[in-house]
Amino acid sequence: MAEHPAYPVGLRLTGRRVVVLGGGQVAQRRLPALIAAGADVRLVSPDATPSVEAMADAGEITWERRPYAEGDLADAWYALIATSDTEANTAASAEAERHRVWCVRSDDADRATAWTPATGHSEGVTVAVLTTDARHRDPRHTAAIRDAVVEGLRDGTLVAPHRRTRTPGVALVGGGPGDPDLITVRGRRLLAEADVVIADRLGPRDLLAELPPHVEVIDAAKIPYGRFMAQEAINNALIEHAKQGKAVVRLKGGDPFVFGRGMEEAQALAEAGIPCTVVPGISSSISVPGAAGIPVTHRGVAHEFTVVSGHVAPDDERSLVDWPSLAKLTGTLVILMGVDKIGRIAETLVAHGRSPETPVALVQEGTTAAQRRVDATLGTVAETVVAREVRPPAVIVVGDVVGVGPHGTA
């Protein structure tokens, strides 16, 4: 048998009898996949691990609490032999051979008639890796190959083009706070499959360099006080490219629905009859403070945190923020898009009761190689921003949590 490679095949076990001998760790690892395959699983073992016992209690498998006996494999299509009794394993393996039942042996793979591949799953695809030559079998190497393939499919670094007609649509993808490694697995996969990417300035720009040459990248940057692409133009671009049958990704910084105008785009797509998928992203409101060593909540310090937009000043009639109420809270206040308005924001908070000694941290270019943290108080933050030349994008954290941790001021 060792002279010939194994023949890989996928078994369709739905409703078919599978016998598992032994209720230990091997069975605990293998049973979930057999259950997921719809197999009629019969476990024969005098005892079992708590997890295996829970599967039996839930009715997922049938458990006969006894040792193996001749005839247990007579009606089986497939068998997994994994007891600690070598003699019982040998006898069961011989029975499987007589009944022509494909049989896996955990104690002696060379005497088995079947081997279990290292498997993984990604988007409806099962990856199974098997060392077909028994003389060079290395389970760790096989598992490593499986992990590399599955990870590549999930994060988009290994792309297999779909050979089917695609339904036009748009994915609103939250790219996270800036570090390309902080985009979600699903977001990265959709980005790798895109025909068109409409990207924000605050999205993870490094990911754009990984796109194949045929991908059209549209700059939707909204640079403060500079050139910008009107929201209506962005909506129209999404709709037009999707109607051409292209896979379109709207790559946004942070999360699409946290001050990202994602719902406006989703509504425009819905009105145009374009399917829209929303892929949440890691919001800078919590990730950037965390990257700078600041927890937005901490036991005994803050039981709540509030995220507000500071793009308009407290005295601006367009402001929807109740700044006087915020000043009365004792928890953490996270301000996005508020660098140029922080002076008036701080004055308003102090005027309505917040102590001027309240710690403030400004984290510029959070999670990127250019990240820097500048500390101040409500009483000094306006002059600190000017003196330290703090520029957007920056996340501002107000509250005692600023002093928590190895980088804190308290």
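The values are calculated or read from the model by the stated rules, or taken from the named source; none is laboratory data. All values reported here derive from a predicted model rather than from experimental measurement. Note that each Cβ is placed from the backbone with ideal geometry, even for glycine, and that neighbours are counted across all protein chains shown.
The set of residues from the range 75-96 being at pLDDT 95 or above, within 26 Å of GLY15 (Cβ to Cβ) and out of contact with any helix residue (DSSP H, G or I) (no Cβ under 8 Å at 6 or more places or on another chain) comprises TRP77, TYR78, ALA92, GLU95, ALA96. If you go through the range 352-392 and pick out every residue that is touching a Pro at 6+ places or on another chain (Cβ under 9 Å), in a loop (DSSP other than H, G, I, E, B) and not small (Gly, Ala, Ser), you end up with 7.
Scanning the range 288-314 for residues being on the phi > 0 side of the Ramachandran plot and in contact (Cβ under 8 Å) with a residue 40 or more places away in the chain gives a total of 1. Take the conditions touching a Ser or Thr at 6+ places or on another chain (Cβ under 6 Å), at pLDDT 95 or above and of a type outside the set (Phe, Trp, Tyr) and apply them to ARG42. Does it pass? Yes, satisfied.
Within the range 38-61, the set of residues being closer than 22 Å to SER93 by Cβ and either without any contact (Cβ under 8 Å) to a residue 12 or more places away in the chain or surrounded by 14 or more Cβ atoms within 10 Å (Cβ to Cβ) (or both) comprises ALA39, ASP40, VAL41, ARG42, LEU43, VAL44, SER45, ALA48, VAL52, ILE61.
Suppose the filter is outside the structural domain of GLY175 (by TED's automatic domain parsing) and surrounded by fewer than 16 Cβ atoms within 10 Å (Cβ to Cβ); does PRO324 pass it? Yes; evaluated as a whole, the condition is true for this residue.
Just one of the numbered conditions (1) surrounded by fewer than 17 Cβ atoms within 10 Å (Cβ to Cβ); (2) at pLDDT 95 or above is not true of ASP315: (2).
Scanning the range 315-329 for any residue that is in contact with a Leu (Cβ under 8 Å, 6 or more places away or on another chain), part of a loop (DSSP other than H, G, I, E, B), without any contact (Cβ under 8 Å) to a residue 24 or more places away in the chain and not hydroxyl-bearing (Ser, Thr, Tyr) turns up nothing.
Just one residue in the set ALA270, ALA247 is modelled with pLDDT under 95 and either out of contact with any helix residue (DSSP H, G or I) (no Cβ under 8 Å at 6 or more places or on another chain) or surrounded by 20 or more Cβ atoms within 10 Å (Cβ to Cβ) (or both); that residue is ALA247.
Scanning the range 169-204 for residues that are in a loop (DSSP other than H, G, I, E, B) and either closer than 14 Å to GLY281 by Cα or in the same structural domain as ALA370 (by TED's automatic domain parsing) (or both) returns GLY175, PRO177, GLY178, ASP179, ILE183, THR184, ASP200, LEU202, GLY203, PRO204. Checked against the criterion of being among the charged types (D, E, K, R), outside any helix (DSSP H, G or I) and modelled with pLDDT under 95, the candidates ASP107, ASP72 yield just one match: ASP107.
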